[in-house]
Each structure stands twice: as structure tokens, then as C-alpha cells.
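Inspection log for the structure reproduced underneath, given as C-alpha cells.
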Amino acid sequence: MNKSFEIFDAHAHIIYGINGIKRGQKTATAKYGRILWNNKEINFLPPFFYDTQFTSETLIENMDFCGESKTVLLQNPVIGILNNEIQQAIEKYLERFFGTIQVDPLKKDASDVIQKYASEKQNTLKLEIGEEWGWSGNYPDFSLLAKEMMSVWETVANIPDEFHTFWNKERDNAIVTFSQEDNLDSEKLEKIIGNYLFTEKLPLRDDVIGVMKTRPSLKDRNAKAERVTGKILTLLIRL
């Protein structure tokens with residue numbers, strides 16, 4: 001794993017068979033990566049997933065192979081509700097996984113389920129909205145603004161925002177590391193980054209040079225400014 005440039009995957013799944021719903025019809029596990037639905041089989045995973053499973057252990061192995069540091073475990077109705085499995089995966093790989101919570105949005109116990117599973121690392125409600133893979137296919141008149149959804153949104157509003165806290169910490173650490181490696185003023189660097197995020201305009205060469213604690217010679221000024229600007233852009237991509 002490349003510690004100098006961590007990769008955060010924002011979309012991953014763990015699958016322990018299929019037990020969901022699609023357009024009002026139950027889904028179930030078929031062999032070789034397929035989903036059984038409405039008396040037919042649908043291709044879902046590549047066929048070498050002979051048992052149609054992708055466990056947390058398999059995901060960790062794939063993450064390590066690709067150099068990924070952390071990932072967010074998502075859900076959707078067709079696969080099924082995996083709140084418990086995601087909770088267990090997070091507990092087992094605490095430094096690797098964040099997780100989502102999924103509920104049937106129109107069931108009376110939706111808020112209770114959210115409260116049961118909400119934690120610092122499983123703190124996001126995932127509602128897939130779409131006819132083929134989401135809740136709109138099961139509830140054609142479904143609306144996020146429906147009266148039945150108000151208690152759900154009130155519950156979600158009280159979930160701790162651990163992901164936002166984590167990402168702010170990652171950003172601050174990246175700025176400090178960058179500043180130390182290139183002998184830059186971290187406060188001035190953070191100001192340049194903030195200006196770019198607000199204006200979407202690249203920093204001027206003189207502004208970049210002004211971030212350097214040791215001012216380069218005229219001969220080296222352009223080359224060093226270009227190198228630091230490139231690293232700033234790389235850092236902005238990460239942020």
C-alpha cells in the first residue's frame with residue numbers, strides 16, 4: 001500500500017448471496033454470479049464468482065492488490081439489506097471500512113433500523129433511487145419528500161458525521177506532509193488551496209514562490225514553481 005498517496009474507494013460492495021427485491025419481486029442467489037428474479041437469471045457478477053459471493057475478506061485482498069487504503073461499503077435493494085454484515089465487516093477491519101445503512105424507506109421500522117446500526121463508521125443512509133436497481137421500481141410513486149419520509153430524515157440528521165471528520169483530518173495531514181517535504185509555509189499553502197477551491201483559478205507563479213520558505217534563485221525559480229504547482233494540483237485532486 002502506497003502510504004505517500006492513499007487511495008480511498010468511495011464505492012464497494014460485499015455480497016453474501018442475493019436476498020433482495022426488484023420491481024416488487026423477490027431476488028435470490030443463482031450460480032456463477034447471477035441473480036434469480038421473476039423466474040429468470042440476470043447476469044450480475046463475472047461468472048468466476050461461482051457462488052455469487054464477494055466477502056469482506058475477498059474485498060480486503062482486492063484492496064491490498066490495488067493499493068487501496070479504505071473504502072465505503074454501499075448497498076442496494078436488489079442485492080438485499082446488509083446492515084448487519086456491514087457492521088461486522090467494519091468491526092473486523094476497523095481501519096479499512098466505512099459503511100452505509102439501508103432500509104425499506106416506507107416500512108414503519110425504518111427509523112428504528114437506522115438508530116440500531118448508526119455508528120461513527122456506519123453513518124450514512126443509502127437509498128438507491130431508480131426503477132431497475134432502486135426503490136422507485138418497488139414503489140412507483142415513491143418520493144424523498146413524502147410525509148412518510150420525514151421521521152427518517154429527522155433520524156438521519158442526528159447520525160454523527162464521522163466521515164467528514166475523517167476527511168478533514170486526512171486533508172490537514174496531507175497539507176502538513178506536503179509542507180514538510182518541500183519546505184513550504186503550511187498556512188500560506190492552505191490559503192492558496194482555499195483560494196483555488198473558491199475561485200477555481202490556478203495559483204500564480206509568484207504566489208507559489210511566496211509559499212516557499214527558502215526563495216529559489218532566478219535560475220531555478222521557474223522549475224521549482226512548476227514542480228510545486230504540480231504537487232498542489234495533485235493534492236487538490238485528492239481533496
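When the Gaussian network model of the chain links Cα atoms closer than 10 Å, the mean-square fluctuations of GLU61, GLU200, GLU226 top out at GLU200.
The alpha-carbon positions of segment 97-232 define a convex hull whose volume is 157 Å³ per residue. Bridgeable aspartates and glutamates around LYS191 (alpha carbons under 20 Å apart, same-chain partners fewer than 8 residues away excluded): GLU170, ASP172, GLU181, ASP182, GLU200, ASP206, ASP207, GLU226. Subtracting the Cα-Cα distance of ASN168 and ASN84 from their residue separation scaled by 0.36 nm leaves 27.5 nm.
Taken over the chain, the convex hull of the Cα atoms encloses 157 Å³ per residue. Applying a threshold of 30 Å to the alpha-carbon distances of LYS116/LYS147; LYS70/LYS126; LYS92/LYS188; LYS92/LYS231; LYS126/LYS147 flags LYS92/LYS188; LYS92/LYS231 as lying beyond it. Within the P(r) computed for segment 180-239, what percentage of the Cα pairs occupies the region above 15 Å? That tail contains 45 percent of the Cα-Cα pairs.
At full extension, TRP153 and LEU233 could sit 25.1 nm farther apart than now, given 0.36 nm per residue minus the alpha carbon distance. Taking only the alpha carbons of segment 4-63, we obtain Rg and Dmax values of 13.9, 50 Å in that order.
Per-residue ellipticity at 222 nm, computed for the chain from helices alone with -39500 (n - 2.57) per DSSP H run of at least four residues, works out to -13000 deg cm²/dmol. Of PHE8, ALA30, ASN183, which is farthest towards the positive pole of the chain's charge dipole, taken about the Cα centre with +1 and -1 on the beta-carbons of Lys, Arg and Asp, Glu respectively? After comparing all options, I get ASN183. Relative contact order of segment 132-239: 19 percent, from C-alpha pairs under 8 Å at least 6 residues apart in sequence. For the chain, carbon and sulfur atoms together expose 51% of the accessible surface, with a 1.4 angstrom probe and every protein chain in place.
A simple spin-label model places the labels of LEU106 and TYR93 3.5 nm from each other, with each point 7 Å out along Cα-to-Cβ.
Each Lys and Arg contributes +1 and each Asp and Glu -1, all at the Cβ; summed about the Cα centre of segment 118-236, the dipole is approximately 940 debye. Think of segment 95-140 as having a plus end and a minus end, set by charges on the Cβ of Lys, Arg, Asp and Glu; of GLY137, LEU106, ALA118, ALA118 sits farthest toward the positive end of this dipole.
The values are calculated or read from the model by the stated rules, or taken from the named source; none is laboratory data. Please read all numbers here as calculations on a predicted model, not as lab measurements. Here the Cβ is made from the backbone with ideal geometry for all residues, glycine too, and neighbour counts use every protein chain on show. In case anyone asks, the SASA skips ligands and DNA or RNA and just uses the protein heavy atoms, side chains included. Shrake-Rupley method; radii C 1.70, N 1.55, O 1.52, S 1.80 Å.
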